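One structure below.
The values are calculated or read from the model by the stated rules, or taken from the named source; none is laboratory data. Small disclaimer: the values here were computed from a predicted structure and weren't measured. FYI the Cβ positions are ideal-geometry reconstructions off the backbone, even for glycines, and counts take in every protein chain you see.
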Amino acid sequence: MSSSQLSAVSCQLSPALLDRPFVKGPLVWAFQTFRPPPPSKPVDVMSELLRDVRHALRAFAKAKGFTVAALLTLALGIGANTAIFSIVNGVLLRPLPYDQPDRLVALNHYYPNLDGLEAGFAVPTYRDIRERMKIFEAFSVGQGWNANLTGIGQPERLIASKATAEFFKVYGVQPRLGRTFAPGEDHAGRDKVVVLSYGFWQSAFGGDPQIVGRDVRLDSQPYSVVGVMPQTFTFLDGELVYDLPLGRAA
């Protein structure tokens, strides 16, 4: 008899036990013995994964409409989340690449009676704020400018900015090469100086370390390069910044 078969053993109780009212006839004990199961084979994870993938592809092929809708939903969801995170990261999480960005203040004119029109500062207003409001450690104004670059290969239209002498002092950023604007260089006759962005310095001049002191022609006028800003500094996505000649507008 194998150990896996049910085995029964009978035994006859003594007459003394049979006379007891709770014992009726012979008692039978039944028991079964088992062998431990053989060790299972290791599962091939890659085979199982490939089988599941093939099954999913066959299911998608049978329901093409559902597949297209699911893919479009996933694409829109991933794209929307990526865009939102990029905005949140750039505006809220990642600090501005300036010294003490929490101290920067932007001023502008707002006209509620003209449908919320926003306008810049006139030169007299700028001078009044700079001279009378002592709460600002530095104060500067700037404006966008499209400059025509000539004399270096093909003529090129640049996105530039004009700014007053304290522009870089406001942001607290030191140049990579040379210097930034000196006091008084935003007056007529001293305003032909320019500071290059890192990207423009690399693309137009190949990162020439001797660029400081060279002249570039902007709108047919010679400007002297006095400095190059670091790679982390950007302002209005411009290629260069040169002095806003407030003396001329006075």
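Quick notes
- Arg130 meets all of the listed conditions (1) more than 31 Å from the chain's Cα centre (by Cα); (2) at pLDDT below 80 but one, namely (2).
- Taking the listed residues Ala188, Ala147, the one that is closer than 21 Å to Arg217 by Cβ, hydrophobic (A, V, I, L, M, F, W, C) and within 34 Å of the chain's Cα centre (by Cα) is Ala147, with no other qualifying.
- Strands (runs of 3 or more DSSP E) enclosed by the range 188-232 - at least 3 residues per element that are out of contact with any Leu (no Cβ under 6 Å at 6 or more places or on another chain): 215-218, 221-228
- In the range 161-173, of all residues being part of a helix (DSSP H, G or I) and touching a Leu at 6+ places or on another chain (Cβ under 8 Å), the one that is nearest to Phe233 (Cα to Cα) corresponds to Tyr171.
- Boolean, Gly120 is assigned by TED's automatic domain parsing to the domain that holds Ser224 and either surrounded by 10 or more Cβ atoms within 10 Å (Cβ to Cβ) or touching a residue at least 24 places away in the same chain (Cβ under 8 Å) (or both): yes
- Complete set of residues in the range 121-160 that are under 27 Å from Pro101 (Cα atoms) and part of a strand (DSSP E or B): Gly142, Gln143, Gly144, Trp145, Ile159, Ala160
- On inspection, Tyr98 passes the criterion of being in contact (Cβ under 8 Å) with a residue 24 or more places away in the chain, of a type in the set (Phe, Trp, Tyr), in contact with a helix residue (DSSP H, G or I) (Cβ under 8 Å, 6 or more places away or on another chain) and not in a helix (DSSP H, G or I).
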